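Heads up: the structure comes next, in structure tokens.
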């Protein structure tokens, strides 16, 4: 299955929706006396809906969306013996699962 990867400008849209999920869940539970599962479903809906809007792919797991950000990172390998640093930029747009 091909899973669409987000571009940098799309991450700027997604990041605010993915941050503070624990606080969002706590607030929803307190306000509605909801169980954890219900509160999590409520908190995860905005990010997963936006991901679908951006990519056309229906992802229901916010953790899976966050895991993609790991694939869009700069990896630095420091070689202490030679004091040199190699930088590899991982810029994957799609990944096969």
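Descriptive notes on the structure:
- So residue 34, is it surrounded by 13 or more Cβ atoms within 10 Å (Cβ to Cβ), touching a helix residue (DSSP H, G or I) at 6+ places or on another chain (Cβ under 7 Å), modelled with pLDDT of 80 or more and over 23 Å from residue 12 (Cβ atoms): yes
- Among the residues making up the range 14-29, those that are within 13 Å of residue 66 (Cα to Cα) and surrounded by 14 or more Cβ atoms within 10 Å (Cβ to Cβ) are 14, 17, 18, 21.
- The range 16-35 residues that are closer than 18 Å to residue 46 by Cα, paired with ones that are modelled with pLDDT of 90 or more and outside any helix (DSSP H, G or I) (beta carbon under 8 Å, 6 or more apart): 28/34; 29/35
The values are calculated or read from the model by the stated rules, or taken from the named source; none is laboratory data. Keep in mind the model is a prediction, meaning the values are calculated, not measured. Cβ sites come from the backbone with ideal geometry, for glycine too, and all protein chains shown count toward neighbours.
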